[in-house]
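To start, the structure under review is shown below, and the notes come after it.
The values are calculated or read from the model by the stated rules, or taken from the named source; none is laboratory data. Keep in mind that this is a model prediction, so the values were computed, not measured. Ideal geometry is used to build each Cβ from the backbone, glycine not excepted, and the neighbour counts take in all protein chains shown. Ligands, DNA and RNA are stripped out before the accessible areas are found, and what is left, the full protein with its side chains, is counted by its heavy atoms. Shrake-Rupley method; radii C 1.70, N 1.55, O 1.52, S 1.80 Å.
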Amino acid sequence: MSKLDDCRAALLDPNVQAFLRVIRNGESSQDVTAYWWLYGSTVDKPILATGLADHPRVKTYEKYDGQFIKNGKLDYTTAAGAYQIVASTWDTTVQSAVRLPDFSPESQDLAAVYLLIFRRALDHVLAGRFEQACIACRQEWVSMPGANVGDQPTKSAASAL
């Protein structure tokens, strides 16, 4: 069985589906348009990619608090989609392992499952160990309870659960 087959099989599990909804709740929204979201989108003001043939790779620079200034140099994020996956993660982590054909909603869901595997969270998700799964995912998704990355908002454990 390939890694992609493993992701497809895991995606059928109700716990995995529920956990992906938790991630989306923190990173984007439950609306289908979230798969087109670029960083900075909100439910009231979505900023949408023009296509999903590949990761959008749109560079978004921080405008209000300097979050993307590292070592005195202006920086940016390419976070996109329902799970706000950055282009470098898409290219080096996801695509090197599962080779998805595009950045479609199905591919984004499979990529998120692969990232659960990569972060060693999938077994926790499958077993219903919610807190351990959240801990394992903190470095991938900054909205996870207890994450501490920049000034990004995180969900409380109660809210995520």
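Values as computed for the structure displayed
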{"item": "Matching residues, the stretch 11-30, being in a loop (DSSP other than H, G, I, E, B) and under 15 Å from the mean Cα position of the chain (by Cα)", "result": "S28, S29, Q30"}
{"item": "Residue list for the stretch 85-129, restricted to those being of a type outside the set (A, V, I, L, M), under 16 Å from R8 (Cβ atoms) and part of a loop (DSSP other than H, G, I, E, B)", "result": "R99, P101, D102, S104"}
{"item": "Those residues of the stretch 4-53 which are in contact with a Gly (Cβ under 7 Å, 6 or more places away or on another chain) and open to solvent by 40 Å² or more (accessible area, probe 1.4 Å), in sequence order", "result": "N15, I47"}
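Results for (1) at pLDDT 95 or above; (2) over 19 Å from M1 (Cβ atoms); (3) more than 14 Å from the chain's Cα centre (by Cα), shown as yes or no for each residue.
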| position | (1), (2), (3) |
| --- | --- |
| D102 | yes, yes, yes |
| L116 | yes, no, no |
| A127 | yes, yes, yes |
| S143 | no, yes, no |
| A158 | no, yes, yes |
